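In what follows, a structure is listed as structure tokens, so that the remarks can point back to it.
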Amino acid sequence: MSALRRPTDHGIVPLIIRERKGFKLFPFLWKILLYLVLLVGAAITLFPLFWMISTSFKTEAESNASRIIWLPHQVQLDAYKAILANKDFLIAYANSIFVTIIALLGTVITIALVAYAFSRIEWPGRNLVFFLMLSTMMIPTQSLAVPQYMIFLKFKWVGTFNPIVIPGFFAGGAAMIFLLRQFMAQIPKELDEAALMDGATHLQIWYYVIMPLCRPAIATISAILFVGIWNSLLYPLIFLTSTKLYTLPIFVTTLYNPQMPSQPWPTIMSASVLTALPLLIIFFFAQRYLIESIVLTGSKG
Amino acid sequence: MANPYLNTVYWAAATVLFIIITSLISGASARFVVKIRGGTKKLQERAFAGYLFAAPWVVGFLIFVLIPMVLSLYWSFNKVEPLKPVIWVGLKNYLDLFGDSDFKYAFLNSLFITVIGLPLQIGAALILALLLSQKLRGMRLFRVAFYMPVVLGLNSAVLLCWGLMFNANNGIVTQIIQGLGQIFVPFNWLDRLFIYINELISAAFLGFQSGRYKILQNVISAGFPAADRVPLWLQSPLWTKTSLIILLIWSCGTMMIFYLAALNNVPQEIYEAAEVDGANAWQRFWNVTWPLITPYTFYNLIVGMIAIIQLFNEPYVLFYNTPTVAQSAQSVVYYLYINTFRFNRMGYGSAISWFLLIVIMFITLIQFRLQNRWVQYDLR
Amino acid sequence: MRTKLLVMLVLVSVLFSACAQATPTAAPATQAPAPAVPTAAPTTAPTTAPASVVLNVAVVDYVKGTTDTWLENTIVPAFKAQHPEVSDVQFTWLTWGTYNDVLAGYFNTGTGPDIINFGSEYIAQYGSQLADLTPYLGKDAWPDYAQYIPSTMAGVTTADGKLRGLPWLIAPRAYMCNMTELQAAGLTSVPTTYADWIKEAKSATIIKNNALQQAGLVVTGKLDDWQEYIGLIWGLGGQLYNPDGTSNFSSKESQAALKFMYDRRRAEYPSETVADLPQTNGNRLSDGSAACVLGNMWGFPAATDPVWNNIQLAPYPTDADFPNSKPISMVFQDWLGIPAYSKNVALAADFLKMLGSADNQFTYNKGFGSFPPRKDAWHDYTDTTLMKNIGNIMDQYGVAFSDVRDTAKLVTILQKEMPAYFTDQEDLATAVANIDQQYTQALKDDGWIK
């Protein structure tokens, strides 16, 4: 697992330019240039976020002006007042939180159970099932949307949160199982062997020995799953047929009404800021885990 | 309708119960099978525990993957509409699919974005990774900044903001381009060159898609863009795919992080040796770094291709209100969505799903083969 | 530390969602015991039932802050006072952008609102899936029936001899021009022929920095509106369907109309690379961003606003090459229907009756900027010159926007082929041939042609 190492923990190899002895000006200029390029790049990258926040505090005329208005002339809170007074927005917010939390709980717990089976127990047929699981990563989820829709229609589940929430309870997400399995496999075998000797059951070992050691990995997959569920649009569009069930990603798109001659951009953007807020919070706390996990999943196979 | 939250909580509880029961059953039956085969007591216990813990996935796989896949294979040979009887039509759906000009159009859109956009996205990721791998202070912060769009970028809220910024007439992107062009004339030339190249390529491709090159003739006869031309981002079929490509480049963070890890794995000694041999920076990159990270490039390529075929959130949010330009930015999955869930053509949708599945499996298989090849010379 | 914070965060969110759960909780909708023989008087509804029925209504024709608040704050309390068994009437506000998808979801699942606001042309698409309202609102069941203009109740909302809905609004669509801008462009009156419109589109358009500053004409989209196209075909005397029910978009009239739209677009946008108008902060007719607009009154200033003194109206244009050509005005007659899956048909029908009273039709349409479908609610309407003019245009040239079959698919086909032609990806012959081929196929697939 060479890729497990964090890029920051080790000295990074300077790839293109290396310090030449006796010539001090060049590296200095290079450094300045590098920072400049990175600063401009970061500014462009973060610009949509800035623009979203800035617009949410503008007046409608400012948001649609024919010249650049970087910051609102005077900070307007009207848009936030309007969106927070919008009952449907609050319902959508509650829906999003509800869906995300229930799905997250069910998914993370079952993934942890299944990863335990794949890493800590040796059972007949394990390799076969594991290979099967890995191969499901090839199946694009969208190609299952059509048959699932028909099945859920039979269940009378279309028009409820169930199709979004329940499938996750069956350890949804092969990549996440794989990620956690890799992590669990690194934990010394002696730990659970000793516990087994003491008469502990696997469920006890899973809960008292393995899970506490897996906290960083659990945090990682929770963050990834959170982002995925919070942003998902296609499945909610298909299954949440009633507007009362809309999650935030669908709801914010309905704020833009093409029939109206003018669009309430500050209101739309304030809804967007509030929608993105949990993502930003998660990102703030878990960015390290998120970034690491890419290195982990990337080195699979 | 009863309280939707409670309804789901009940179902979730029932699901947990269901999982526990099926897990116990599968564990017990595994133990039974091992016992019959004469396995030791210890092996029996291991079989019980293993199948007990793995059961949630196995059961979920059966219910939510295997059965739907088999059913959709069957439905792809039928005319299926919700609440109506299924009618066998044989190969009609597949024949329709291959004769469907709209599907071809959507598929070619994805191809265009792959051929033009993916190299740009990977290139941006590589350049950023090279810059960020320099041993300087504050790189961590930059890494976080460049990674941010991966988390935010798929959300419709943020995509709506792009819609606002991309307004061709008075959107902020247009205004910045115009402003910079006035302050700094070479920038204006650059902008016009960009417009010209983009429109030539897009028009040629649209001609290829539709078989009629009038649109390309228009661009050519209009000549080099005038000084006051601005990109038309979301308004013109010549620009819609470009906008999507810009969004892809913007969210190249995943690829960038992956490259960073790859660069980290390149041993320092090789550089030192190369430097002793008198190689300059470009030679060092081209002869040492690039070959060593090609496996990762391949990986990014494959993952990127699959992501582009599945593109949905971006075209949906940017174009659902302007149906007359949406066609030029449709991806295969977007087409699947429209056909299946707006027109209730579930049989046809099943055929598209299977086509999608086969294409993506094909791409992934290539990936696995390539991966096998490079895993052997992994450096440490 | 970070994990702990995450856990805290999750807990806080759970709490939040637990609190929020309380708000949207709707009482379970138990089936209302419908009276066996529906009668006209709403008071016959059972009064013994507990207040537990929730009526759901999906509305797409509303003006934010006007008609929606009127429905929620005036109509609902009045209805609840009449029907004690109704605990609430809940509204769902739809938009046309996602309308077709949402409707498909309702009818597939059979779990949608009890009353749906339909567009003018949707009777052909959904009529058979709606409850038959003849026993509730029909000629013999409802005295008010006679007040409704025949083209609405007996026309648009009646299919196969069965009444499927209550007409809710009449919105004629006309070309409206700001005379100041027209005169500045050297024109003295609103164009009425194809040739005049192309001239107008050229001379009244102002382009600066490769972007429109003022548009000669604004229609939804970029002069590529499918509804206008159909109106233009009708205006030339063309038909959408052949006698055998197949698509007729390659007819002479249809081709001429599409060609006209192409030429007009070229007159307004000399090349496809001209940027469209920015979004407006007010409305196009008075902010100087457009000389003419094709539209109805929705989203425009009130009829009493002085802005209208300077605005003239005209019906759809005609062309001298077509002897059957006559000016028309497309009249949208949106309506309310009750899906057959509804468990509260009788109750929903009572709600429609309430909305259909003369007073309520008047208030709603006044707020929305349309005409009530019943004549006795027209009082006060023709007070303003504007409404008088629109009324005149409707009387003289009105053609109902209906009998458009398999609407959802036709819209998709037109919204694909029209811009393909306008942006030179296809020529005229290919475009109309494609429309014909795909539309005929769709009509066959969906059982419109046997």
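Read the figures in this text as sums done on the coordinates, not as results from a lab. The structure displayed is predicted, hence computed values, not measured ones. With ideal geometry, Cβ positions are generated from the backbone for all residues, glycine too; neighbour counts draw on all protein chains shown.
For this structure, a couple of remarks:
- Taken residue by residue and averaged, Cβ atoms of other chains lying within 10 Å of the Cβ of A:132-142 number 6.
- Put simply, the amide H of C:Leu163, placed in the peptide plane, has neighbours under 5 Å in C:Leu133, C:Thr134, leaving out anything fewer than 5 places away on its chain.
- Taken as Cα centroids, the range C:238-278 and the range C:172-209 sit 19 Å apart, rounded to the nearest whole angstrom.
- Close amide H pairs (under 5 Å, H built 1.01 Å from N) link C:Phe118 with C:Trp335, C:Leu336, C:Gly337, residues at least 5 positions away or on another chain.
- Highest-fluctuation residue, C:Ala291, C:Ala104, C:Ala377 considered, GNM on chain C with Cα pairs under 10 Å: C:Ala104
- With the charge dipole of the protein assembly as shown set up from +1 on Lys and Arg Cβ and -1 on Asp and Glu Cβ about the Cα centre, the Cα lying farthest toward the positive end among the listed residues A:Ala174, C:Ser289, C:Val156 is that of A:Ala174.
- DSSP loop chymotrypsin sites (Phe, Trp or Tyr not before Pro) with at most 12 other Cβ within 10 Å excluded, longest remaining stretch of chain A: A:71-301
- Entries in B:Lys214/C:Lys326; B:Lys241/C:Lys409; A:Lys58/C:Lys366 that, when Cα-Cα distance is taken, lie over 29 Å: B:Lys214/C:Lys326; A:Lys58/C:Lys366
- Counted as membrane-span-like here are DSSP H helices of chain C whose alpha-carbon atoms extend 18 Å or more along the helix's own axis and whose Kyte-Doolittle mean is 0.0 or above; these are C:2-21, C:407-422.
- Point-to-point label distance, A:Lys154-A:Ala43, nm (Cα→Cβ direction, 7 Å offset): 5.9
- With K and R counted +1 and D and E -1, the other residues having a Cβ less than 14 Å from that of B:Phe53 yield a net charge of +2.
- Annotation for A:Leu71 and C:Asp132: the two label points, set 7 Å from Cα along the Cα-Cβ direction, are 6.9 nm apart.
- From least to most packed, judged by other beta carbons within 10 angstrom and beginning with the fewest, B:Arg137, B:Arg31 follow the order B:Arg137, B:Arg31.
- Estimated FRET transfer efficiency when R0 is 41 angstrom, pair B:Thr40-A:Arg215 (beta carbons, to 0.05): 0.70
- As a proxy for reagent exposure, ranking C:Asp395, B:Asp191 by other Cβ atoms within 10 Å from fewest up yields C:Asp395, B:Asp191.
- DSSP beta bridges fully contained in chain C are about 60 percent antiparallel.
- Estimated dipole of the range A:83-298 in Debye, rounded to 20 [Cβ of Lys and Arg +1, of Asp and Glu -1, Cα centre]: 480
- The separation of the range B:310-341 from the range B:175-210, counted between C-alpha centres, amounts to 25 Å.
- A Gaussian network model of chain C, with springs between Cα atoms under 10 Å, assigns the largest mean-square fluctuation among C:Gln437, C:Gln279, C:Gln227 to C:Gln279.
- Under Karplus coefficients 6.51, -1.76 and 1.60, residue-wise ³J(HN,Hα) of the range C:374-379 in Hz, glycine/proline x: 10, 5, 6, 9, 8, 4
- Distance-filtered residues of the range B:3-45 - backbone nitrogen under 14 Å, label point 7 angstrom along A:Thr201 Cα→Cβ: B:20-21, B:23-25, B:27-28
- By the beta-carbon count within 10 Å of each Cβ, the least crowded to most crowded order of B:Leu154, C:Leu240, fewest first, is C:Leu240, B:Leu154.
- Here the alpha carbons of the protein assembly as shown define both size measures, Rg and Dmax, at 31.5, 104 Å.
- Inter-chain Cβ neighbour count for C:103-114, averaged per residue, equals 6 (cutoff 10 Å, partner chain atoms only).
- Lysines with Cα under 18 Å of A:Lys154, excluding same-chain neighbours fewer than 8 positions away: B:Lys79, B:Lys84
- Of all DSSP beta bridges confined to the protein assembly as shown, the antiparallel ones make up roughly 60%.
- On Cα atoms only, tilt of B:101-112 relative to the major axis of chain B in degrees: 70
- Convex hull of the range B:64-116 built on C-alpha atoms - directionally averaged projected area, nm²: 5.3
- Principal-axis analysis of the Cα atoms of chain B puts helix B:172-183 at an angle of about 30° to the longest axis.
- Dividing the convex hull volume of the alpha carbon atoms of chain C by its residue count gives 192 Å³ per residue.
- Each residue of the range B:286-299 was assigned a 3J(HN,Hα) from its phi angle through the Karplus expression (A = 6.51, B = -1.76, C = 1.60, θ = phi - 60°), giving 6, 8, 10, 5, 4, x, 6, 9, 4, x, 5, 5, 4, 4 Hz with x at Gly and Pro.
- Base-10 log of normalised Debye intensity for the range C:368-447 (one unit scatterer per alpha-carbon) at q = 0.12, 0.20, 0.24, 0.26 Å⁻¹: -0.61, -0.85, -1.05, -1.19
- Peptide C:211-224 shows a mean partner chain C-beta count of 2 within 10 Å per residue C-beta.
- Under the combined filter of DSSP loop state and at most 14 neighbouring Cβ atoms within 10 Å, the range C:111-174 retains these trypsin sites (Lys or Arg not before Pro): C:Lys139.
- The protein assembly as shown - charge dipole about Cα centre, Lys and Arg +1 at Cβ, Asp and Glu -1, debye rounded to 20: 3840
- Choice from B:Tyr348, B:Tyr316, B:Tyr51 showing the highest fluctuation, given a GNM over chain B with Cα pairs closer than 10 Å: B:Tyr51
- Cα centroid separation, the range C:317-391 to the range C:49-105: 19 Å.
- Spacing of the two label points (7 Å from each Cα toward its C-beta) at B:Ala204 and A:Phe131, in nm: 4.6
- Amide H to amide H, with H built 1.01 Å from N, C:Thr318 comes under 5 Å of C:Thr193, C:Tyr194, counting only residues 5 or more places away or on other chains.
- Difference of contour (0.36 nm per residue) and Cα-Cα distance, C:Asp427 to C:Thr384: 10.9 nm
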